[in-house]
Amino acid sequence: LVMALNGYKLDIISHELAKVKESLGPRDFALSILAPLLAEVGSLVDKKVLSIAQEHSLSAIIKFHVGHMLYKHMEERDKVDMNIIISAPTGELHEFGIMISALLCCHYNLKFFYLGANMPGDSLSEAANQIGADIVIIGVSVVYDTAPGGELDKYVEQMKTYLNPATKLWIGGIGNTSTFMDQNNLEVIPTLSTLDHMLSKLVK
């Protein structure tokens with residue numbers, strides 16, 4: 001895939017991703033293909049081996065294929081009786097962490113609503129309350145302000161002002177967990193493998 005991207009063989013990338021997603025299923029497609037591929041491409045862009053245009057081209061193709069998998073899951077019936085909302089906070093434009101989270105929900109046949117990135121906290125809480133969400137999953141990238149007293153703290157406080165106290169809040173992608181240690185119904189999920197484990201427990 002990286003070799004094809006290097007040569008702008010976008011049709012080959014799309015064709016190969018289409019084959020892989022059908023043969024592996026959503027969980028393995030997310031953890032074994034997308035996560036390492038995105039990490040590798042990001043590293044190559046930082047080293048200027050690949051361009052931002054190539055990275056964006058790959059992103060567009062991946063979003064198309066992931067969107068197809070998410071839509072297919074939404075059409076299926078007999079899901080686990082639980083409502084999950086997946087989104088990312090105001091100012092967070094990176095979407096692949098939450099897209100992979102949605103694919104993991106597909107694997108475990110969980111009912112979820114994917115609301116995308118850059119979602120204001122009060123609006124996300126409103127949607128969660130109206131839908132009756134059991135869990136809200138928020139994804140942040142390494143470039144988001146997660147320092148104590150920073151933007152993520154403010155976002156969580158804004159959310160909790162409006163959010164039903166019974167709704168669990170899962171925050172993925174942050175390393176510093178100390179600021180959230182004593183908050184009820186709030187879990188910090190540092191890695192995708194941790195999220196995978198937590199979602200698996202919902203269906204046992």
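Seen against the Cα atoms of the chain and their longest principal axis, helix 121-131 is set at about 80 degrees.
Here the chain exposes an accessible surface that is 54 percent carbon and sulfur, computed with a 1.4 Å probe and the other protein chains kept in place.
Note on the chain: GNM, Cα springs under 10 Å; of GLY139, GLY67, GLY97, the largest mean-square fluctuation is that of GLY67. Along the stretch 142-152 the Karplus relation, 6.51 cos²θ - 1.76 cosθ + 1.60 evaluated at θ = phi - 60°, assigns HN-Hα couplings of 5, 8, 6, 6, 10, 5, x, x, x, 5, 5 Hz to successive residues, with x for each Gly and Pro.
Rolling a 1.4 angstrom probe over the protein heavy atoms with all chains in place gives the chain an accessible area of 52 Å² per residue.
Working from label points 7 Å from Cα in the Cα-to-Cβ sense, the GLN130 to SER59 distance is 2.8 nm. Mean sequence separation of contacting Cα pairs (under 8 Å, at least six apart), scaled by the length of the stretch 1-76, corresponds to a relative contact order of 38 percent.
The slack between MET82 and SER51, meaning 0.36 nm per residue of separation minus the straight C-alpha distance, is 7.0 nm.
The modelled label-to-label distance for the pair LYS111/LYS19, using points 7 Å beyond Cα in the direction of Cβ, is 3.8 nm.
The Cα-based radius of gyration and maximum Cα-Cα distance (Dmax) for the chain are 17.2, 51 Å.
Given an 8 Å cut-off on Cα distances and at least 6 residues of separation, report the relative contact order of the chain as a percent.
18 percent
The values are calculated or read from the model by the stated rules, or taken from the named source; none is laboratory data. Because the structure is predicted, anything quoted here is derived from the model rather than measured. Cβ sites come from the backbone with ideal geometry, for glycine too, and all protein chains shown count toward neighbours. Calculation scope for accessible area: heavy atoms of the full protein, side chains included, ligands and nucleic acids excluded. Shrake-Rupley method; radii C 1.70, N 1.55, O 1.52, S 1.80 Å.
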